[in-house]
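The values are calculated or read from the model by the stated rules, or taken from the named source; none is laboratory data. All values derive from a computational prediction rather than experimental measurement. Ideal geometry is used to build each Cβ from the backbone, glycine not excepted, and the neighbour counts take in all protein chains shown.
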Amino acid sequence: MCKKESLKILFERRSVRSFKEEQIKDSELEIILKAAQFAPSAMGQQPWHFTVIQDKEILNRINVLTRKVYEKSGIPRLEERAKAENFSPFYNAPTYIIVSVDEKSVAPIADGALALGNALLAAEGLGIGSCWIHAVNYLYTTDEGKELFRELGMPEGYIPIGSAAFGYIAGEKPEPAPRREGNINIIK
Ligand SMILES: Cc1cc2nc3c(=O)[nH]c(=O)nc-3n(C[C@H](O)[C@H](O)[C@H](O)COP(=O)(O)O)c2cc1C
């Protein structure tokens, strides 16, 4: 891939919130995960673990649990979202990836975020829609959430730092949100 193409991916990636039901191909998932694994990490520790969920029953369990957490969150925005009939924190995407990191590593949050960011960019390169989903962080504050993550194979001593929805885009890809200006200071 030429430099220009990789920059195009950076500038054209958008958060997608409407997905087709059709599952992404295993070969595409493999590339997304490989891109995540190729992220830089502090001291090269690669302190991440990826839980890929494509099982409809588990996805539904996450929905039900997240709705409960949102209902009791005390955060008006989340309480409102929990009321939606078709509630799905990951917009009913067919693939949901949770990134967890070793708490004892040097820079777990930064490393995990870079890995997930790489996964979003790889998805864009493949023409697959994606969206970072924060719900996993709320879910982990509950005992039921913690239990579910362990059940799904999150290693001992790891904590989830983020998650993302992946799937083929239904409808039009959203327009980019305007970018804030005035946040660059170049010192020469
Ligand atoms: C840490 C983080 C958490 C986010 N959580 C959510 C989320 O829970 N739900 C959602 O729809 N989008 C979420 N997003 C996506 C942002 O809303 C989105 O990136 C932002 O509005 C800019 O749009 P763009 O991704 O299309 O450039 C999150 C993004 C980040 C980086």
>> I'd like to check which strands (runs of 3 or more DSSP E) are fully inside the range 46-147 and have at least 2 residues that are buried (at least 19 other Cβ atoms within 10 Å of the Cβ) and of a type in the set (A, V, I, L, M).
In response: 95-102
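Just the residues that are aliphatic (A, V, I, L, M), surrounded by 13 or more Cβ atoms within 10 Å (Cβ to Cβ) and either free of Cβ contacts under 8 Å to residues at least 12 places away in the same chain or away from the ligand (no atom under 16 Å from the Cβ) (or both), please, taken from the range 148-177.
Within the range 148-177, the first condition is being aliphatic (A, V, I, L, M), and the residues that meet it are 148, 152, 154, 159, 161, 164-165, 169-170, 177.
Keeping just the survivors that are surrounded by 13 or more Cβ atoms within 10 Å (Cβ to Cβ) gives 148, 152, 154, 159, 161, 164-165, 169-170.
Leu148, Leu152, Met154, listed by residue number.
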>> Pull out all pairs, ordered by first then second residue, where Cβ-Cβ is under 6 Å, the residues are six or more apart or on different chains, the first lies in the range 67-96 and is on the phi > 0 side of the Ramachandran plot, and the second is modelled with pLDDT under 90 and assigned to a helix (DSSP H, G or I).
In response: none
> Looking only at the range 2-45, which residues are in a loop (DSSP other than H, G, I, E, B) and either within 16 Å of the ligand (Cβ to nearest atom) or on the phi > 0 side of the Ramachandran plot (or both)?
Replying inline: Arg13, Arg14, Val16, Arg17, Ser18, Ala39
> Is one or more of the residues making up the range 139-147 within 14 Å of Val52 (Cα to Cα), touching a residue at least 40 places away in the same chain (Cβ under 8 Å) and not acidic (Asp, Glu)?
Replying inline: no
